Each structure stands twice: as C-alpha cells, then as structure tokens.
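Only one structure is covered here, and it is reproduced in the block below.
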Amino acid sequence: MKNTPVSDALALRATASAFDAQRGKLPVPGDPHRSPNSVAVARQISELGALINGLGDEVLFRAVDQDQESRSARVITGFAAAVGPAGEAASALGAVAHQLAFLNQTEHLRDQPDARDAREAAVRVTEDALGVADTALREAADSLHAASATVSPPLVRLQAARSRSATAGLASASPSLAGPGAPAPADQITRGR
C-alpha cells in the first residue's frame with residue numbers, strides 16, 4: 001500500500017488526537033470526579049504504552065518502505081519526535097502511580113506527624129508529575145499536528161487561504177473600498193450640507 005500525503009496527514013492528526021484525548025483523561029488533584037486513583041493512572045500508563053508502540057509502528061512501517069519520498073522522511077520525523085514527550089508523560093504517570101501506592105500504604109498512619117509530612121510531600125510530587133505529564137502530552141500532540149501541516153496542509157486552512165485571496169482580489173478592484181479621496185461610483189449620489 002502506498003502512502004499519500006492525505007493518508008500520512010490523517011495518520012499524524014489521528015495520533016495527535018489520541019494524545020489530546022490522553023491529556024483530557026489526566027487526573028486533577030482536588031477534583032472529586034477526576035482525582036488521582038491507582039487504577040485510572042495504571043490504565044492511562046497502559047494506554048500511553050500502546051500509543052508509544054503505535055508511534056514505533058508508524059516509523060517502522062515507513063522506514064522499511066523502499067520507495068521513500070521526501071515526504072516520508074518528514075512523516076517519520078513527525079512520529080519519531082513524539083516518542084520523547086510520550087515517554088516523558090508515561091514516566092511522569094509512573095511517578096504518580098508510585099506516590100499513590102505510597103499514600104495507600106500509609107493511609108493508616110496519616111495522623112502520625114512523620115507520616116503526615118511524607119504524605120504531604122507525596123501529594124506535591126503527584127501534582128508536579130501530573131503537570132509534567134500534561135505538558136509532555138501537549139508537546140506530543142502539538143508536534144504531531146505541526147508535522148501533519150508540513151505533509152499536507154489541512155483542507156480548511158487551504159480553503160480559507162483561497163477565500164482570502166479571492167476576497168483580497170475583489171477588494172482591491174472595488175472602487176468603493178479604495179479609500180478616502182477616491183472618486184465615488186457613478187451610481188451613488190453624494191449630498192453635502
């Protein structure tokens with residue numbers, strides 16, 4: 001099967017959307033509906049692992065193609081560039097899982113001063129790690145969106161550019177838009193006071 005600019009751009013955008021979706025699933029400390037819990041974080045680590053595997057598959061699929069075009073190199077670069085931030089996000093979520101396990105194990109000690117300090121530190125580490133994961137997932141998605149634009153510009157942007165070009169051409173040809181001091185069209189009546 002031969003990849004086309006459209007299929008490459010769609011693959012890059014779909015993967016970017018998957019990273020955006022992962023970002024939307026991140027736990028939010030203090031939010032009762034999205035607070036961090038071990039099962040949700042473990043599931044998200046697994047999903048990120050699958051996305052990272054998918055990035056590797058996309059790179060491999062194009063790298064073994066004997067008829068690589070210059071566009072293929074850009075697509076490979078786009079997918080490969082997302083691996084780093086994706087791995088960083090997975091690592092940050094691993095830190096969250098580690099801290100959540102610690103909090104679960106020390107729940108019965110929460111009233112002891114030493115344990116209280118350690119538990120508060122674990123909560124801060126969790127919040128920081130979630131911030132790192134959020135930033136890394138945004139980076140991965142943004143780099144994939146940017147790569148898709150270099151392979152094949154989005155149809156909407158292309159149509160908007162064409163529309164602006166046509167509008168600009170009409171505007172410069174219209175005498176009523178020519179500015180102050182320009183002669184008024186003959187069909188307009190100008191009245192003074």
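Annotations
- Residue within segment 37-60 that is among the charged types (D, E, K, R) and farther than 20 Å from Val132 by Cα present: yes
- Long-range neighbours under 9 Å by Cβ, at least six apart or interchain, first residue farther than 11 Å from Ser148 by Cα and at pLDDT below 85 within segment 63-80, second of a type in the set (Lys, Arg) and surrounded by 12 or more Cβ atoms within 10 Å (Cβ to Cβ): Gln68/Arg62; Ser72/Arg62
- Candidate set from segment 24-67 (those that are of a type in the set (Val, Ile, Thr) and within 22 Å of the chain's Cα centre (by Cα)); member that is surrounded by the fewest Cβ atoms within 10 Å (Cβ to Cβ): Val28
- Hey, Leu170 open to solvent by less than 70 Å² (accessible area, probe 1.4 Å) and either part of a helix (DSSP H, G or I) or at pLDDT 90 or above (or both) or not: no
- Residue selected from segment 102-117 under the condition assigned to a helix (DSSP H, G or I) and open to solvent by less than 40 Å² (accessible area, probe 1.4 Å), by the criterion nearest to Arg43 (Cα to Cα): Leu103
- Residues that are of a type in the set (D, E, K, R) and more than 20 Å from Arg13 (Cβ to Cβ), drawn from segment 25-64: Asp31, Arg34, Arg43
- Residue satisfying all of: in segment 81-100; touching a helix residue (DSSP H, G or I) at 6+ places or on another chain (Cβ under 7 Å) and open to solvent by 40 Å² or more (accessible area, probe 1.4 Å); farthest from Gln22 (Cα to Cα) among these: Ala81
- Output for segment 3-54, where each listed residue is without any contact (Cβ under 8 Å) to a residue 60 or more places away in the chain and charged (D, E, K, R): Lys25, Asp31, Arg34, Arg43, Glu47
The values are calculated or read from the model by the stated rules, or taken from the named source; none is laboratory data. This structure is a prediction, so every number in the text was calculated from the model and none was measured. Note that we place each Cβ from the backbone using ideal geometry, even for glycine, and neighbour counts take in every protein chain shown. Side chains are part of the model used for accessible areas, which takes the heavy atoms of the whole protein and leaves out ligands, DNA and RNA. Shrake-Rupley method; radii C 1.70, N 1.55, O 1.52, S 1.80 Å.
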